[in-house]
Amino acid sequence: MPVEQQRIALVTGASSGIGAATVRALAASGLETIAAARRIERCEELASEVGGRALRLDVADLDSVAELAAGTEVDVIVHSAGGALGLEPVEEADEERWRQMYESNVAGVMRVTKALLPALRRGRDPQIVILGSVAGVEVYEGGGGYTAAKHAVHAVAQTLRLELLADAIRVTEVAPGLVETEFSLVRFGGDAERAAGVYEGLEPLRAEDVAELIAYCVTRPAHVDIDYVAIKPTAQATAKITRRE
Ligand code: NAP
């Protein structure tokens, strides 16, 4: 009997946090993985750990995306590249940070999807998983640049769901609440103390909790699309309302 080929999953933002954990979870579920991010050394280390591949990728750079797409066969894309920069009110908004958040979170999803759609159309049980956020459906003070970007991600996910219906390409948006990764460290420019404060007094999600959910979505039968799913720590009700001890 012919051995069934493994599906191939490309994970963006695989050098850290949810992306890295997703590479591990998908590899454990029997998929072949491609770990992609700017910090290629981290991706290479992860790839050798799980027996997958690593590719350098800057989702904000069209050439980098084109280079990645050339000759890459893929069945599943997990868009985890992204994050927040700063927590200033709109009045004090930093133009460059807002641009960067839009580039990595929103335009990055568009670029990578656009470049890999021909490959996805040839793929087996093709699927796109997009990391949204509670910030994609809620707003909070100081979050304007990030919530605007994640609201846009939510809109792009829903748009793709309509546009790819005819192609039978599944589109899944996974929207986490507080997950302890490098997210807050990046948001606060490397200020570890301020980053730790975000999770103080509560038990946040671990990257693995979200990765397990993504692996569940990706391993459903081809006729099942987990369209949108939110995942939060038990101690979190909304983006800002939490129970802390
Ligand atoms: P993280 O640990 O900071 O990981 C972010 C990843 O994105 C890194 O691997 C980073 O890799 C990559 N990245 C950023 N800009 C990129 C670019 N221009 N090109 C390629 N890769 C880029 O944070 P995380 O928590 O895992 O975040 C993953 C996703 O989940 C993000 O979209 C974030 O918005 C979303 N999310 C996180 C939380 C949370 O609380 N942590 C909650 C809701 C949603 P390089 O720097 O090596 O390129």
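What follows is calculated from the coordinates using simple rules that are stated; it is not laboratory data. The structure presented is a predicted model; accordingly, all values stated were derived computationally and were not measured. In this analysis, Cβ positions are derived from the backbone assuming ideal geometry, glycine residues included, and neighbour counts consider all displayed protein chains.
What the Cβ-Cβ distance of ASP63 and ARG243 gives, at R0 = 35 Å and to the nearest 0.05, is a FRET efficiency of 0.15.
Along each principal axis, taking the top coordinate minus the bottom one, the Cα set of segment 126-205 gives 49, 23, 20 Å in descending order. Between amide H atoms placed 1.01 Å from N, distances below 5 Å from ILE130 occur with HIS79, THR172, GLU173, VAL174, all of them 5 or more places distant or on a separate chain. Here CYS217, CYS43 are placed in order of increasing Cβ neighbour count within 10 Å, fewest first, which gives CYS217, CYS43. The convex hull drawn around the Cα atoms of segment 13-159, when projected onto a plane and averaged over every direction, covers 8.8 nm². Summarising the amide proton neighbourhood of ALA54: residues at separation of 5 or more, or on other chains, whose placed amide H is nearer than 5 Å comprise ALA35.
Sequence-ordered 3J(HN,Hα) estimates for segment 98-107 from the Karplus curve with 6.51, -1.76 and 1.60 and θ = phi - 60° stand at 4, 4, 4, 5, 5, 4, 6, 7, 9, 5 Hz, glycine and proline given as x. Size descriptors for segment 59-118: radius of gyration and Dmax over Cα atoms are 13.9, 45 Å. Of ARG7, ARG122, the sequence from fewest to most neighbouring Cβ atoms within 10 angstrom is ARG122, ARG7. Residue ranges 207-215, 192-200, 166-174 sort as 207-215, 166-174, 192-200 when ordered by packing (mean number of other C-beta atoms within 10 Å per residue, highest first).
Kirkwood-type hydrodynamic radius, the chain: 18.1 Å, calculated from all non-identical alpha-carbon pairs.
A convex hull fitted around the alpha carbon atoms of segment 82-149 yields 75 Å³ per residue.
With θ taken as phi - 60° and the Karplus curve 6.51 cos²θ - 1.76 cosθ + 1.60 applied, the whole-hertz 3J(HN,Hα) list for segment 169-184 is 9, 6, 10, 10, 10, 10, 10, x, x, 6, 10, 7, 9, 7, 3, 6 Hz, x standing for glycine and proline. Springs between Cα atoms under 10 Å define the GNM used for the chain, and in it the highest mean-square fluctuation of GLY145, GLY189, GLY177 occurs at GLY189. Going by neighbour counts of Cβ atoms within 10 Å, the residues SER29, SER16, SER80, SER48 line up, fewest first, as SER48, SER29, SER16, SER80.
Relative contact order, whole percent, for segment 178-245 stands at 36, derived from Cα pairs under 8 Å and 6 or more residues apart.
Applying both filters, DSSP loop and at most 13 other Cβ atoms within 10 Å, to the trypsin sites (Lys or Arg not before Pro) of segment 28-116 gives ARG39. For segment 1-67 versus segment 198-235, the inter-centroid distance based on Cα atoms is 19 Å.
Scalar couplings 3J(HN,Hα) for segment 155-160, obtained by applying the Karplus form with A = 6.51, B = -1.76, C = 1.60 to θ = phi - 60°, are 5, 5, 4, 5, 5, 4 Hz; x denotes Gly and Pro. Estimated purely from DSSP H runs of n ≥ 4, each contributing -39500 (n - 2.57), the mean residue ellipticity at 222 nm for the chain is -11500 deg cm²/dmol once divided by its residues. The alpha carbon radius of gyration of segment 177-231, expressed as a multiple of 2.2 N^0.38 Å, is 1.46.
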